[in-house]
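The structure appears right after this line, and notes come after that.
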């Protein structure tokens, strides 16, 4: 049983690297095109798998800083392509405008419901 352990570990490493290589976006693969890495991993299972892990697999990106547009403390904003306000005054102004708009919408909704209730409560005159 022990003699099969290296084979099983090699197969698991090869399978992991193959799936990882196939699942990686084309623009994130390093050093060679994605298809070349897949062929290398398929043809040279052990060496190709190690090469993929060391030279082809995408490097982990460091989290964004506030200067780069992240909002520290909120992991959902630490992705590339996300935006966080850089000017606290503009951010406060935006939030004030959002609150005002929400209050306007609430008042309009309340007024609409009040008018609907009044229309339902008025007795209908029979048609002659």
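Each reported figure results from applying straightforward, stated rules to the coordinates on display, with no laboratory input. For clarity, every value in this text was computed on a predicted model and none was experimentally measured. Glycine gets a Cβ as well: all are built from the backbone with ideal geometry, and neighbour counts include every protein chain shown.
Projecting label points 7 angstrom from Cα along Cα→Cβ for residue 8 and residue 91 puts them 5.2 nm apart. With both labels modelled 7 Å from their Cα along Cα-to-Cβ, the residue 60 to residue 25 distance reads 1.9 nm.
The length gained on full extension between residue 107 and residue 122, counted as 0.36 nm times the residue separation minus their Cα-Cα distance, comes to 3.1 nm. Our estimate of slack between residue 32 and residue 44, defined as 0.36 nm per intervening residue step minus the Cα-Cα distance, is 2.8 nm.
Got a sec? How would 14, 52 order by Cβ neighbour count within 10 Å, fewest to most? Spell out each step's value before the answer.
Working: 14 18, 52 26.
Least crowded to most crowded, the residues run 14, 52.
For region 2-58, list log₁₀ I(q)/I(0) at each q in 0.17, 0.22 Å⁻¹, using the Debye formula over Cα point scatterers of equal strength and ignoring solvent, two decimals each. Once normalised to I(0) and log-transformed, intensities are -0.47, -0.72.
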